[in-house]
Amino acid sequence: MTPLQIDFGKDQQEPVVGIDLGTTNSLVAHMDLTHPRVIPGEDGDRLVPSVVTLTRGGEIIVGNEARKALISEPDRSVYSIKRLMGRGVEDIQEELKLFPFRVVEGSEQVIRIKLGERTFTPPEISAFILRQLKANAEAVLGVQVRKAVITVPAYFNDAQRQATKDAGRIAGLEVLRLVNEPTAAALAYGLDKRRDGIVAVYDLGGGTFDISILKLHDGIFEVLATNGDTHLGGDDIDNRLIRIALEDIQNEWGEDVSHNGEAVQLLRRAVIEAKERLSFVPAANIEYEFKGRKYQREITRELFEILIADIVDRTLGPCRNCIKDAELAVEQIDEVVMVGGSTRIPMVRNAVEVLFRAKPHTDLNPDEVVALGAAVQAGILSGNVEGQLLLDVTPLSLGIETMGGVVSKLIHRNSTIPASATESFTTAVEGQRNVLIHVVQGERELARDCRSLARFDLKDIDPLPAGMARIEVRFLIDANGILNVTARDARTGKEQSVDVKPSYGLTDEQVEAMISESIDRAAEDFKARQVAEAHVEADTILAAVEKARKNDAYFELSEEERREITKSVNELLVVYHADDHLLIRSKIEQLNNVTMKLAEMMMNTAVKSALKGTKI
Amino acid sequence: MEPIPSNYYDLFGLEHRLALDPRDLEKRFYSLSRKFHPDLYTLKSPEEQQYALDATAILNDAYRTLRDPLTRAEYLLKENGFDIGEQGSKNVPPELLEEVFELNMALEELRGGDEEARAALAEAQKKFAGMRDDIDRELETKFAEYDRTRNRDVLSEIRGSLNRRRYVRNLVNEVEKELVETTDAPR
Amino acid sequence: MAYSNKVLDHYNHPRNVGSMDKNDPNVGTGMVGAPECGDVMKLQLKVNPSTGVIEDAKFKTFGCGSAIASSSLATEWVRGKTVDEALAIKNTDIVNELSLPPVKIHCSVLAEDAIKAAVADYKRKHETGEGFEKAAS
């Protein structure tokens, strides 16, 4: 009755998992001996909906359960949190019109979202999803998972990447690498093919769009250029359908339900179902019922295509720019790989086929390919996958604000990362001790049109006449696409202290505080899981003993032996709710021992009767 | 951990030449990437990780510089003491400045003009692009000449051609921007 | 980075933009360029030949904001100065006045060069003529 023990071997190295932290769904995958595999959740589902709910009991639930709660508890649930990662309040005004995010008033530098009576930052909410994926992986792999590769949209800026990395840290994961989603897809796609050539990856996800063009050569995956739009995706298509349905409903019912969270969530689900069916049939119904009232509308593919034409069109501009930046002619692109659920839409496929003049590849599951690629990258980093190497680029130019708010570019977009640039700075007035450097990301000429990354304060400069100080500042974009800034005094060669004030996002101290909070929770989570597992085992053995007590063999035992069994059963029942898995396990062990003889006797009887039955 | 050569040519193990075979350069870039890339150092010590990061940043900068013939030429000129940052306007021939100034004036007049000006802009774009292509051909010849003769006078000529090309490229960009803006504007 | 209002004003409303007849014997023209960013700057001075005082200055610059502000400031400063006083203007004065960042210091060099070139042009015209500058310098 001992559960089957799988020995993973003690000398085996710690696993590194690959995680696709998506707008709509998230997945975790790991590298098998030769291939990446998606790890399903407890419910067997490979996709974990990126939905988080704080239950009335104060418990955090994630995934399918939370998705159900989205309808019953819209005020305690949140979805599409990825849209808010690394962004400021003024950035998200558009999203707020379309998404029911309950942003806490007065959250400026970092957005805070209300779930019931508590508030969380987007990285904390993402961390809940990551923690669920971590637990799913631990359940299947049977070991603790502490290291991960997480994917991000290629067009994510520094703040969005930093926020994703923070989420990993809060979830108790060491993020070994952030990998761009289209690049990850290319990695999964190219793993077996071992083919050389130019590949374009078109990735239309739930909330983001990326296009990347790569050169594959002998195991090297060199990204030539990337482009995209960090708020364009399947969500936008859903919102179009929701808007027309809401109008209809207002006309038919004479009631505006657009401010009722539950009503809108139900409608969202109804339009998504219709949208998904439309990829396979020429017409589908939006079927909606709310508080006993019904609404139904047929959407033909023709109407659907009119509704979404401009969304599909908006993906083509970045594609053209990307081809141009890669310094290629369209004919030189050998293959196009499709990623993201929205690429199932026939109109999207057609548009891509027309633009690239090549039939897009759809043989890999567009929902899973990014996670699989992340697992391959995890394999590369842990040395389990050899010969493959990713050379990625930074999607946006990095510059500093100069005179008149004009940007002076230091690192150009599509530069292979890691990339660096050194610039020297001086003082304008005698005795000046500080120099403030404003770093921005983007392609526009004026700093105010670019994305402000951070203000770096070069402090404690030796007081000198104006223009005499010479501080060399090194801007380094690492392999995660995240900026690191170091400075030194060129005269003395001594390290210059730099104070970083991120324009959006969490300071290191804030992340540390969240981590320590989450470590307590992680310990709690881990304990809860072990108690749950002990309960399963206890249930199994108690049921087995109960059944055995009706067996003839039980009555062949001595009274003493039967008393021992009863006593052990009772003791196990007493500690069952003690929340102490070690205690439960010790009682299971005890019950196991005192029923050993009974089990053997039953086994013998069973074997004998089996032999009789088969008459050898 | 051997120190990384700070000279880009030395890092790639190449002779300091102006004409390079792009395929050979790419091959060397890939093989050095396989040696230094941070992905291959994830499980190593923090010092080794930092080394890989720094080395790869230099490698990538070097590849970016040498891959493009123009930035490559700038790099080689700088190596040979023709540093663009220091020269100011002293090495720019006055005729070139006059020419660029006139072209800019003409462009400014075309700006904000009507349909007719648009046609003139398109004409100007063609002309500037033609000038740029002429300079590129000229540069190619001079690159080969320098590699053959190692004559510093040739470098000086290349310096002049590169300066001229910068001006012309700026003009091409300006006209392009102008044409795009007038196209995007509602009619 | 903080800029004084004066600087931003030079940037947003450059003074003395325009040109003068370069064939006028009393006008000195300086044409300079910074190939690193493709800037060209034309600076002209109108000198009273009897006093050597700069009565008017005009410029036209194609380039970045720092180059425009530098030349605008230079034309303001040279007015009312003698040609020799104008030669004493150093690029560092412009850097300090405009708080130019290091990446834009070459713009101030350009303005200084433009003044020098314009004065030289004016002197050249007068060397062959009255030749009083030779005595003056």
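The values are calculated or read from the model by the stated rules, or taken from the named source; none is laboratory data. Since this is a predicted model, take the numbers as computed values, not measurements. Heads up, the Cβs are rebuilt from the backbone with ideal geometry, glycines too, and the neighbour counts pull from every protein chain shown. Keep in mind that these areas ignore ligands, DNA and RNA; they rest on the heavy atoms of the full protein, side chains included. Shrake-Rupley method; radii C 1.70, N 1.55, O 1.52, S 1.80 Å.
Would a scan of the stretch A:257-265 turn up a residue that is over 23 Å from A:Leu204 (Cα atoms), of a type in the set (Gly, Ala, Ser) and in contact (Cβ under 8 Å) with a residue 24 or more places away in the chain?
From the stretch A:257-265, those over 23 Å from A:Leu204 (Cα atoms) are A:257-264; that's our starting set.
From what's left, of a type in the set (Gly, Ala, Ser): A:258, A:261, A:263.
Remaining after also requiring in contact (Cβ under 8 Å) with a residue 24 or more places away in the chain: A:261, A:263.
Yes: the stretch A:257-265 contains one or more residues that are over 23 Å from A:Leu204 (Cα atoms), of a type in the set (Gly, Ala, Ser) and in contact (Cβ under 8 Å) with a residue 24 or more places away in the chain.
Provide a single number: the residues in the stretch A:225-269 that are surrounded by fewer than 21 Cβ atoms within 10 Å (Cβ to Cβ) and part of a strand (DSSP E or B).
Total satisfying the criteria: 1.
Out of the stretch A:394-442, which residues are among the charged types (D, E, K, R) and buried (at least 22 other Cβ atoms within 10 Å of the Cβ)?
Here is the first cut: in the stretch A:394-442, the ones among the charged types (D, E, K, R) are A:401, A:409, A:413, A:423, A:430, A:433.
Within the stretch A:394-442, A:Glu401 is the sole residue that qualifies.
Pull up the stretch A:416-452, narrow it to residues that are outside any loop (DSSP other than H, G, I, E, B) and within 14 Å of chain B (Cβ to nearest Cβ), then point me to the one that is farthest from B:Ile58 (Cα to Cα).
Let us first name the residues in the stretch A:416-452 that are outside any loop (DSSP other than H, G, I, E, B), namely A:416, A:419-425, A:435-441, A:446-449, A:451-452.
The next check asks that each one be within 14 Å of chain B (Cβ to nearest Cβ); those that pass are A:416, A:419-424.
Details: A:Thr416: 11, A:Ala419: 7, A:Ser420: 7, A:Ala421: 10, A:Thr422: 11, A:Glu423: 15, A:Ser424: 18 Å.
In this case the residue turns out to be A:Ser424.
Mind checking which residues of the stretch A:446-465 are free of Cβ contacts under 8 Å to residues at least 40 places away in the same chain, more than 21 Å from A:Gly228 (Cβ to Cβ) and either open to solvent by 10 Å² or more (accessible area, probe 1.4 Å) or touching a Gly at 6+ places or on another chain (Cβ under 9 Å) (or both)? Steps first, please.
First, pick out the residues of the stretch A:446-465 that are free of Cβ contacts under 8 Å to residues at least 40 places away in the same chain: A:449, A:460-465.
Filter once more, so that each one left must be more than 21 Å from A:Gly228 (Cβ to Cβ): A:460-465.
Scanning the stretch A:446-465 gives A:Asp460, A:Asp462, A:Pro463, A:Leu464, A:Pro465.
Please state which of the following conditions A:Val354 fails to meet, knowing it meets all the rest: (1) under 30 Å from A:Asp32 (Cβ atoms); (2) away from every other protein chain (no Cβ under 12 Å); (3) without any contact (Cβ under 8 Å) to a residue 12 or more places away in the chain.
(1)
May I ask you to list the residues in the stretch B:137-150 that are out of contact with any Lys or Arg (no Cβ under 9 Å at 6 or more places or on another chain) and open to solvent by less than 60 Å² (accessible area, probe 1.4 Å)?
Within the stretch B:137-150, B:Lys142, B:Ala144 meet the criteria.
Going by what's in this entry, would B:Phe12 be described as of a type in the set (A, V, I, L, M, F, W, C) and more than 13 Å from every other protein chain (Cβ to nearest Cβ)?
Numbers: of a type in the set (A, V, I, L, M, F, W, C): yes; more than 13 Å from every other protein chain (Cβ to nearest Cβ): yes.
Taking the combined requirement at face value, the residue satisfies it.
Somewhere in the stretch A:294-301, is a residue touching a residue at least 60 places away in the same chain (Cβ under 8 Å), open to solvent by less than 90 Å² (accessible area, probe 1.4 Å) and part of a helix (DSSP H, G or I)?
Step one: of the stretch A:294-301, the residues touching a residue at least 60 places away in the same chain (Cβ under 8 Å) are none.
The answer is no; no qualifying residue exists.
Give just the number: which of (1) touching a helix residue (DSSP H, G or I) at 6+ places or on another chain (Cβ under 9 Å); (2) at pLDDT below 85; (3) crowded, with 16+ Cβ neighbours inside 10 Å; (4) not in a helix (DSSP H, G or I) does A:Val500 not satisfy?
Of the numbered conditions (1) touching a helix residue (DSSP H, G or I) at 6+ places or on another chain (Cβ under 9 Å); (2) at pLDDT below 85; (3) crowded, with 16+ Cβ neighbours inside 10 Å; (4) not in a helix (DSSP H, G or I), the odd one out for A:Val500 is (3).
How many residues does the stretch C:46-64 hold that are outside any loop (DSSP other than H, G, I, E, B) and surrounded by fewer than 24 Cβ atoms within 10 Å (Cβ to Cβ)? Can you show your working first?
Quick first cut of the stretch C:46-64, residues outside any loop (DSSP other than H, G, I, E, B) only: C:46-48, C:53-62.
Going one step further and asking which of them are surrounded by fewer than 24 Cβ atoms within 10 Å (Cβ to Cβ), we end up with C:46, C:48, C:53, C:55-56, C:58, C:60, C:62.
Final tally of qualifying residues: 8.
Out of (1) open to solvent by 40 Å² or more (accessible area, probe 1.4 Å); (2) modelled with pLDDT of 85 or more; (3) not in a strand (DSSP E or B), the odd one out for A:Asn484 is which?
The number of the failed condition is (3).
Residues in the stretch A:11-21: is at least one of a type outside the set (Gly, Ala, Ser), at pLDDT 90 or above, over 16 Å from the mean Cα position of the chain (by Cα) and surrounded by fewer than 24 Cβ atoms within 10 Å (Cβ to Cβ)? If you could, list the steps in order and put the result at the bottom.
First pass over the stretch A:11-21, keeping only residues of a type outside the set (Gly, Ala, Ser): A:11-17, A:19-21.
Still in the list and also at pLDDT 90 or above: A:15-17, A:19-21.
Checking the rest, the ones that are also over 16 Å from the mean Cα position of the chain (by Cα) come to A:15.
Among the residues that remain, those that are also surrounded by fewer than 24 Cβ atoms within 10 Å (Cβ to Cβ) are: A:15.
Checked the stretch A:11-21: at least one residue is of a type outside the set (Gly, Ala, Ser), at pLDDT 90 or above, over 16 Å from the mean Cα position of the chain (by Cα) and surrounded by fewer than 24 Cβ atoms within 10 Å (Cβ to Cβ).
Hey, can you tell me all the residues within the stretch C:16-31 that are assigned to a loop (DSSP other than H, G, I, E, B) and buried (at least 18 other Cβ atoms within 10 Å of the Cβ)?
Kept after step one, since they are assigned to a loop (DSSP other than H, G, I, E, B), are these residues of the stretch C:16-31: C:16, C:18-26.
C:Asn16, the sole residue that qualifies.
If you scan the stretch A:369-393, which residues turn out to be facing chain B (nearest Cβ under 8 Å), surrounded by 24 or more Cβ atoms within 10 Å (Cβ to Cβ) and closer than 22 Å to A:Asp325 by Cβ?
Residue satisfying the conditions is A:Leu390 alone.
Can you confirm whether A:Gly58 is part of a loop (DSSP other than H, G, I, E, B) and buried (at least 20 other Cβ atoms within 10 Å of the Cβ)? Quick ask: steps written out before the conclusion?
Working: part of a loop (DSSP other than H, G, I, E, B): yes; buried (at least 20 other Cβ atoms within 10 Å of the Cβ): no.
For A:Gly58, the condition - part of a loop (DSSP other than H, G, I, E, B) and buried (at least 20 other Cβ atoms within 10 Å of the Cβ) - is not met.
(1) buried (at least 17 other Cβ atoms within 10 Å of the Cβ); (2) more than 20 Å from the chain's Cα centre (by Cα); (3) in a loop (DSSP other than H, G, I, E, B): which one isn't true of B:Pro5, the others all being true?
Unmet for B:Pro5, out of (1) buried (at least 17 other Cβ atoms within 10 Å of the Cβ); (2) more than 20 Å from the chain's Cα centre (by Cα); (3) in a loop (DSSP other than H, G, I, E, B): (1).
So, restricting to strands (runs of 3 or more DSSP E) that lie completely within the stretch A:115-184, which ones have at least 1 residues that are in contact with a strand residue (DSSP E or B) (Cβ under 6 Å, 6 or more places away or on another chain) and among the polar types (S, T, N, Q)?
On the way: elements: A:118-120, A:147-152, A:174-180.
Fully inside the stretch A:115-184 and qualifying: A:147-152.
Can you confirm whether the stretch A:552-568 contains a residue that is closer than 30 Å to A:Ala135 by Cα, among the aromatic types (Phe, Trp, Tyr) and surrounded by 12 or more Cβ atoms within 10 Å (Cβ to Cβ)?
Looking only at the stretch A:552-568, we keep the residues that are closer than 30 Å to A:Ala135 by Cα, and these are none.
Among the residues of the stretch A:552-568, not one is closer than 30 Å to A:Ala135 by Cα, among the aromatic types (Phe, Trp, Tyr) and surrounded by 12 or more Cβ atoms within 10 Å (Cβ to Cβ), which makes the answer no.
Would you pick out the residues in the stretch C:75-107 that are more than 14 Å from every other protein chain (Cβ to nearest Cβ), surrounded by fewer than 16 Cβ atoms within 10 Å (Cβ to Cβ) and outside any helix (DSSP H, G or I)?
C:Gly80, C:Ala88 - these are the residues of the stretch C:75-107 that are more than 14 Å from every other protein chain (Cβ to nearest Cβ), surrounded by fewer than 16 Cβ atoms within 10 Å (Cβ to Cβ) and outside any helix (DSSP H, G or I).
Can you say whether A:Ala479 is in a loop (DSSP other than H, G, I, E, B), within 33 Å of the chain's Cα centre (by Cα) and crowded, with 17+ Cβ neighbours inside 10 Å, as far as the supplied structure shows?
Numbers: in a loop (DSSP other than H, G, I, E, B): yes; within 33 Å of the chain's Cα centre (by Cα): yes; crowded, with 17+ Cβ neighbours inside 10 Å: yes.
In short, yes.
Could you count how many residues in the stretch C:112-127 are within 11 Å of another protein chain (Cβ to nearest Cβ) and of a type in the set (A, V, I, L, M, F, W, C)? First the steps, then the outcome.
Step one: filter the stretch C:112-127 for residues within 11 Å of another protein chain (Cβ to nearest Cβ), giving C:112-114, C:116-117, C:121.
Narrowing the set further to residues that are of a type in the set (A, V, I, L, M, F, W, C) leaves C:114, C:117.
Adding up the residues that qualify gives 2.
When you go through (1) outside any strand (DSSP E or B); (2) within 12 Å of another protein chain (Cβ to nearest Cβ) one by one for A:Phe221, which number turns out not to apply?
(1)
Where residues in the stretch B:38-53 are part of a helix (DSSP H, G or I) and facing another protein chain (nearest Cβ under 8 Å), which of them is most open to solvent (accessible area, probe 1.4 Å)? Break it down into steps so the answer makes sense when it comes.
So in the stretch B:38-53, the residues part of a helix (DSSP H, G or I) come out as B:38-41, B:46-53.
Then drop every residue that is not facing another protein chain (nearest Cβ under 8 Å), which leaves B:38-40, B:53.
Details: B:Pro38: 18, B:Asp39: 3, B:Leu40: 69, B:Leu53: 29 Å².
Looking at residues that are part of a helix (DSSP H, G or I) and facing another protein chain (nearest Cβ under 8 Å), I get B:Leu40.
Hand me the list of helices (runs of 4 or more DSSP H) wholly inside the stretch B:62-124 holding 2 or more residues that are farther than 16 Å from B:Arg169 by Cβ and at pLDDT below 80.
On the way: elements: B:69-79, B:84-87, B:94-110.
Fully inside the stretch B:62-124 and qualifying: B:84-87, B:94-110.
Mind listing whichever residues of the stretch C:12-39 are β-branched (Val, Ile, Thr) and either in contact with a Pro (Cβ under 6 Å, 6 or more places away or on another chain) or within 14 Å of chain B (Cβ to nearest Cβ) (or both)?
In the first step, residues of the stretch C:12-39 are kept if they are β-branched (Val, Ile, Thr); the result is C:17, C:27, C:29, C:32.
C:Val17, C:Thr29, C:Val32 - these are the residues of the stretch C:12-39 that are β-branched (Val, Ile, Thr) and either in contact with a Pro (Cβ under 6 Å, 6 or more places away or on another chain) or within 14 Å of chain B (Cβ to nearest Cβ) (or both).
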